[in-house]
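Report on one structure; see the data block that follows.
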Amino acid sequence: MNHPIRPIAESEFPAALDLLDEAFVSSWAPGQIERFKGVTEFDRSLAAFDGDRMVGFTQVMSFDMTVPGGVLPVAGVSSVGVLASHRRRGVLSSLMRRQLADVHAKGEVFAALYASEAAIYGRYGYGRAVDNVFYTIPKHSSAFRADAPADPALRLRIEPPERAREDFVRLFDKVRPTRPGLYSRTAARWDATLADDENARGSAGRLRCVLAEDDDGVRGYALFRVKRAVTDHDVPDGEVLLQELFAVDPAAYAALWRSLLDRDLCSRVFAANRPLDDPVMHLLAEPRHLNAGTLDELWIRLVDVPGALTQRAYSAPVELVVEVDDDVCPWNAGRWRLSTAKQTCERTEDAPDLSLPVRILGAAYLGGRSLESYRLAGQIAEHREGAVRELSAAMSWSPLPWGGLVF
Ligand SMILES: CC(C)(COP(=O)(O)OP(=O)(O)OC[C@H]1O[C@@H](n2cnc3c(N)ncnc32)[C@H](O)[C@@H]1OP(=O)(O)O)[C@@H](O)C(=O)NCCC(=O)NCCS
C-alpha cells in the first residue's frame, strides 16, 4: 500500500489538526481545539502516512442514533481530509475501506456522516438519507393561524445558556427517541454545542436561550444568536439566527417560535437546519413567507445489511427478496429475504424481487427517502411489479429523519 493507515496516538493530535487545517482551508481557534479534542476518540481516529508525514485523516465518533422504532449504536464518521499535495491518489478510498472494515468488526450495523460535498461518498456506499430545510421568516409576515396552540400555563424564561444546561440535556434526551436521526450527546458534545467564544460567535452576538416551562418543569427550549443591524435610515434590522429548538408538546413549540419571531429590534429569523416536516410550516398563516430551501443532511451507510434491516421497525408488512450490490463491503452483497413479520433478513438464492446498490438502502434506512423515486430515476431494477412500492411503503417513517446537529 502506498500510504499505510493506522490509528493515531494522542501525541499525534497536533499533526491531525495541521492536516485538517490545510484540508479545510480553515484555522483553529484556541477554544475550538480543546472542544474538538474532547469529542475525538483516538482509537477510532485513522491516519494515512507518506513516510513520517500524515497525509490523510478520518475519525469515528460513537453515538446512539434513533432509527424507526428504536435506538442503535452508530459510527459517526467525521473530520475527513487529505492534504492537497496527496489528493486524487486514492488516499480517501483507502481510509474509507479500512474504516468500514473496522466498523464492521466492532459490530455497529450502520455509519452516518455529514458531507462537505454531495458527490464524494456515494462511491463508498453512503446514501443521501436526510434533507433539511432552511428558512428566512420576515417578522412582518410571521403571523400565526388563529387556531395555533396556546397554553396559559406556559411561561417563558430567559437565562444565560450555561445556567440552563441541565434543562437542555433533560429536554433533549426526552425528544431524542422520537425522531430517527437524532443522536446522543456526551458532555463534550454539549460543551461544543454551547460554545460561545469569539470563534463560535462569528459575526453574530453571544449565545442566548429561551425556555418554555410550567409548574411541572421545562417543556422546550431554543438556542439562538442575534445579529444586530440597522438600515441606512437607522431602522432596527436585527436577525435572529436559530441554532436549535426542541419542545415536547405543540403549545411549547409554538410559544418558542413566537418568542423568536417577535424579538424586538429584529426583522427576521434565519433557521439554518430544520427537519423537512418542521411543524412551524403549519403555524404560519402564510407559509410562503418561510422562504424555504433544502440541503442534504445525514448520509447513511449500511455496514451490516441483515443486522441493520432486522433492527428497525417497518410501517407496513413486507416479505420480498432484495438483491444488494456492494463492492466496498462484499459481505453485504447478494440476495436477502426480508420478512417484517418474522423480523428476519436471511441469505437466499431465490429470484430477487428488486436489485439495488447498498447506498440506496442506506438512503431509505431512516425512513425519509422514497425508494419509488429511485426506481423512477432508473437506479433500482424491479423484477416483480409493485415490489419497490411495497418496500418503499414499509421503510417510510413518520416523523421524518433529521440529525439536527452537525458532527
Ligand atoms: C474530499 C477529499 C477527502 C478526497 O480525498 P482524495 O484522497 O483526493 O480522494 P481519492 O483520491 O481517494 O478519490 C476517490 C474518488 O473520489 C473522487 N473524489 C474525491 N473528492 C471528490 C470531490 N470533492 N468531489 C467529487 N469526487 C471526488 C475522486 O475523483 C475519485 O474518483 P474515482 O474513484 O472515480 O477515480 C479531499 O479532496 C479533501 O480533503 N477535500 C477537502 C476537505 C473535505 O471536503 N473533506 C470531506 C469532508 S466531509
Where Rh is the Kirkwood radius over Cα pairs, Rg/Rh for the range 226-267: 1.12
Cα-based helix-to-principal-axis angle, 91-106 vs the chain, degrees rounded to 10: 90 degrees
Degrees separating the helix 165-175 axis from the principal Cα axis of the chain, which is the longest one: 50 degrees
Column: log10 I(q)/I(0), Debye, Cα scatterers of the range 132-293, q = 0.10 Å⁻¹: -0.36
Student exercise, the range 267-407 dipole from Lys, Arg, Asp, Glu Cβ charges, in Debye to nearest 20: 420 debye
Cα centroid separation, the range 328-396 to the range 249-309 (Å): 29 Å
Surface share of carbon and sulfur [accessible, 1.4 angstrom probe, percent] for the range 5-108: 50 percent
Rounded accessible area of W331 (nearest 10 Å², 1.4 Å probe): 90 Å²
Rounded accessible area of E382 (nearest 10 Å², 1.4 Å probe): 60 Å²
Debye log10 I(q)/I(0) at q = 0.24 Å⁻¹ for the range 5-108, Cα point scatterers: -1.35
Residue order for T340, T178 - accessible surface, 1.4 angstrom probe, largest first: T178, T340
From phi via Karplus (6.51, -1.76, 1.60), per-residue ³J(HN,Hα) for the range 382-396 in Hz, x at Gly/Pro: 9, 9, 10, 4, x, 5, 5, 4, 4, 5, 4, 5, 5, 7, 5
Lys/Arg +1, Asp/Glu -1 at C-beta; the range 132-293 dipole; positive extreme among P275, P236, L265: P275
The range 254-407 shape via C-alpha gyration tensor axes, a/c threshold 1.5: prolate
The range 132-293, dipole about Cα centre (Lys/Arg Cβ +1, Asp/Glu Cβ -1), debye to the nearest 20: 300 debye
Separation of the V406 and M281 label points, Cα + 7 Å toward Cβ, nm: 2.2 nm
Estimated distance in nm for a label pair at A119 and W331, the labels positioned 7 Å out from Cα along Cα-to-Cβ: 3.3 nm
Cα Rg, Dmax (largest Cα-Cα span) when computed across the range 306-395, Å: 11.7, 31
Cα-based reach from K174 at 29 Å (exclusive), listing lysines while leaving out same-chain residues under 8 positions away: K37, K106
Degrees separating the helix 13-23 axis from the principal Cα axis of the chain, which is the longest one: 80 degrees
Paired Rg and Dmax values of the chain, which use every Cα atom, in angstrom: 22.8, 74
Integer Hz, Karplus 6.51/-1.76/1.60 couplings in order for the range 225-235, x for Gly and Pro: 10, 10, 8, 6, 7, 10, 6, 4, 9, 6, 8
Net charge dipole size for the chain [Lys, Arg +1 and Asp, Glu -1 on Cβ; Debye, nearest 20]: 240 debye
Contact order normalised by residue count of the range 5-108, Cα under 8 Å, 6+ apart, percent: 27 percent
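The values are calculated or read from the model by the stated rules, or taken from the named source; none is laboratory data. Note that the coordinates shown come from a computational prediction; the quantities given were computed from them, not determined experimentally. A quick note on method: Cβ atoms are made from the backbone with ideal geometry, for glycine too, and the neighbour counts reach across all protein chains shown. To get the accessible areas, we keep the full protein, side chains included, count just its heavy atoms, and leave off ligands, DNA and RNA. Shrake-Rupley method; radii C 1.70, N 1.55, O 1.52, S 1.80 Å.
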